[in-house]
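First up is the structure itself, then whatever we jot down about it.
The values are calculated or read from the model by the stated rules, or taken from the named source; none is laboratory data. All of these numbers come straight from a predicted model, not from anything done at the bench. We place every Cβ from the backbone using ideal geometry, glycine too, and count neighbours over all the protein chains shown. Protein only, heavy atoms only, side chains kept; ligands, DNA and RNA dropped before computing areas. Shrake-Rupley method; radii C 1.70, N 1.55, O 1.52, S 1.80 Å.
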Amino acid sequence: MSNINEDVGKVLGQYSKDIHKEIGNTLSNIGPEDLREASIYLTEAGGKMLRPALTVLVCEAVGGTFSSCIKAAAAIELIHTFSLIHDDIMDKDDMRRGKPSVHKVWGEPVAILAGDTLFSKAYELVINSKNEIDSSNPEECLNRVNRTLSTVADACVKICEGQAQDMGFEGNFDVSEEEYMEMIFKKTAALIAAATESGAIMGGANEKIVSNMYDYGKLIGLAFQIQDDYLDLVSDEDSLGKPVGSDIAEGKMTIIVVNALNRANPEDKRRILEILKMGNESGNCDQVYVDEAISLFEKYGSIQYAQNIALANVKEAKQLLEILPESEAKHTLSLVADFVLYRQN
């Protein structure tokens, strides 16, 4: 499994240099200085660059060129970063990627403006990509740009809807599995699906391939979030970078919690709810209660249930890749699907 992490890490590192350069060029002319620095800050703070790399990989896998999709890939990363800045403000999170959050360094007003700037610059990047598309047909170039803009816009709306749903779940322990899956699709998977769909569009793929690539992104995006829920309970603190069971300690709803509440007998359900409410009210309940909740989740098979969903999504995602011709990019897309499951954080 370590080979998958190493192989995918090398690919992400390879693409991140060019994506960073494109982002840097785009943000270099922002003024005043504090807004420019706040806008650039998180883009230089690390991060896997998974989403923009997927845009490039899909574009290359369908026969497109790197140059035709690099601006769209960078736009996807800016949208992701914009959402992180605003999420940190709403969630009052003080750290991001091992550094103080943007709003902790520059204050909330500048942080909001930085997020808005990244959001706007993303659209500018997609529009400017018309000059890079590998096609001699101006109408076709415009069509690809317009479709990519529509894809990105739709993902942005879904991100906002997903964040609003997630906020609505706070303190609400009567969330159905269907509601939870819709929330994580909108909040997490929609942008990954937009990344893969954009790559297919910018690469000039036919409608069937574009559809398959959207679904591939959606499935690995859902698996990514479900795997987060799973890792929160089965990993160690060093790998996670936070205490094991922190979601429980904070009283958060996850697919594991939803499933356990559906399966548990009345007494165990009442105890799970008591622990979640303690976490929700205090923001961090004691580890002894977290361990008790984990034991109850194991009792009802809810942790394995979540892992099984992630496994099934990744398997289906890899099957969708069969429509693509054989290439190194296709092989890497398959590795990325596995990476979603076997990453450690």
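Looking at segment 103-232 from every direction and averaging, what is the projected area of its Cα convex hull in nm²?
On the way: hull surface 40.8 nm².
Quarter of the Cα hull surface area: 10.2 nm².
Could you give the spread of the C-alpha atoms of the chain along their three principal axes, from largest to smallest, in whole angstroms?
Principal extents (largest minus smallest coordinate, Cα): 68, 49, 33 Å.
Do you know the relative contact order of segment 73-152, to the nearest whole percent, from alpha carbon pairs under 8 angstrom that are 6+ apart? Mind showing how you got there, number by number?
On the way: 61 pairs, mean separation 26.1, N = 80.
Averaging sequence separation for qualifying contacts and normalising by length gives 33 percent for segment 73-152.
Segment 242-311 to segment 34-100: how many Å between their Cα centroids?
Between the Cα centre of segment 242-311 and that of segment 34-100, the gap is 31 Å.
If you put +1 on each Lys and Arg Cβ and -1 on each Asp and Glu Cβ, how big is the dipole of segment 168-216 around its Cα centre, in Debye rounded to 20?
Details: 3 positive and 9 negative charges, 74 e Å.
With only Lys, Arg, Asp and Glu charged at Cβ, the dipole is about 360 debye.
Run the numbers for D94 and S327: contour at 0.36 nm per residue of separation, minus the present Cα-Cα distance, in nm.
Details: separation 233, 0.36 × 233 = 83.88 nm, distance 4.25 nm.
Computed gain between D94 and S327 is 79.6 nm.
Quick check for you: with a 1.4 Å probe and neighbouring chains kept, what is the accessible area per residue of segment 47-172, in Å²? Spell out each step's value before the answer.
Details: 5280 Å² over 126 residues.
Result: 42 Å² of accessible area for each residue.
Output the pairs from K17/K318; K71/K158; K158/K218 with a Cα-Cα distance over 24 Å in this structure; if there are none, say none.
Details: K17/K318 27 Å; K71/K158 22 Å; K158/K218 12 Å.
Pairs exceeding 24 Å: K17/K318.
For segment 222-309, count the residues as N, evaluate 2.2 N^0.38 Å, and divide the Cα radius of gyration by that value, please.
Numbers: Rg = 11.9 Å, N = 88, 2.2 N^0.38 = 12.1 Å.
The value comes to 0.99.
Please give every one of the lysines within straight-line cross-link reach of K277, meaning a C-alpha to C-alpha distance under 24 Å, and leave out same-chain neighbours fewer than 8 residues apart.
K92, K187, K242, K252, K269, K299
Roll a 1.4 angstrom probe over the protein heavy atoms and tell me the percent of accessible area of the chain that is carbon or sulfur.
On the way: 7160 of 15050 Å².
Accessible surface attributable to carbon and sulfur in the chain totals 48 percent.
Given axes a ≥ b ≥ c from the Cα gyration tensor, I'd like to know whether segment 301-345 is rounded (a/c under 1.5), prolate (a/b larger than b/c) or oblate. Provide the component values of the computation, followed by the final result.
Details: a/c = 6.19, a/b = 1.95, b/c = 3.17.
Since a/c reaches 1.5 but b/c is at least a/b, the shape of segment 301-345 is classed as oblate.
Does segment 57-105 classify as rounded, prolate or oblate by the C-alpha gyration tensor (a ≥ b ≥ c root eigenvalues; a/c under 1.5 gives rounded; else a/b over b/c gives prolate, otherwise oblate)?
Working: a/c = 3.86, a/b = 3.56, b/c = 1.08.
Here segment 57-105 falls in the prolate category.
Can you give the Rg to Rh ratio for segment 2-144, taking only C-alpha atoms and Rh from Kirkwood? If you can, show how the numbers build up before the last one.
On the way: Rg = 16.1 Å, Rh = 15.9 Å.
Rg divided by Rh gives 1.01.
Divide by every residue of the chain the summed helix terms, -39500 (n - 2.57) for each DSSP H run of at least 4, and state the resulting mean residue ellipticity at 222 nm, rounded to the nearest 500 deg cm²/dmol.
Working: 17 runs with 261 residues, N = 345.
Dividing the helical sum by the residues of the chain leaves -25000 deg cm²/dmol.
What list of ³J(HN,Hα) values in whole Hz, one per residue of segment 166-182 in order, does the Karplus curve 6.51 cos²θ - 1.76 cosθ + 1.60 (θ = phi - 60°) give from phi, with Gly and Pro shown as x?
Values, residue by residue: 4, 4, x, 6, 4, x, 9, 9, 10, 9, 7, 4, 4, 5, 5, 5, 5 Hz.
Looking at the calculated P(r) for segment 194-345, what percent of the C-alpha pair distances fall above 26 Å? Kindly include the intermediate steps, with their values, before the conclusion.
Working: 4314 of 11476 pairs.
Cα-Cα pairs of segment 194-345 separated by over 26 Å account for 38 percent.
Tabulate in residue order the Karplus-calculated ³J(HN,Hα) for segment 24-32, using 6.51 cos²θ - 1.76 cosθ + 1.60 with θ = phi - 60°, rounded to whole Hz; enter x for Gly and Pro.
Per-residue couplings from phi come out as x, 4, 5, 8, 5, 9, 6, x, x Hz.
Pick out, in residue order, every one of the GluC sites (Glu not before Pro) in segment 277-333 that is DSSP loop and has at most 11 other C-beta atoms within 10 Å; say none if there are none. Intermediate results must be reported in sequence, preceding the final value.
Details: sites: E281, E292, E298, E316, E322, E326, E328; in loops: E326.
Here the sparse-neighbourhood loop sites are E326.
Lone cysteines in the chain, going by a 4.7 Å Cβ-Cβ cut-off?
Within the chain, the cysteines lacking a partner Cβ under 4.7 Å are C141, C156, C160, C285.
With a cut-off of 8 Å between alpha carbons and a minimum separation of six or more residues, what is the relative contact order of the chain in percent? Can you show the working numbers first?
Working: 520 pairs, mean separation 68.4, N = 345.
Once normalised by length, the contact order is 20 percent.
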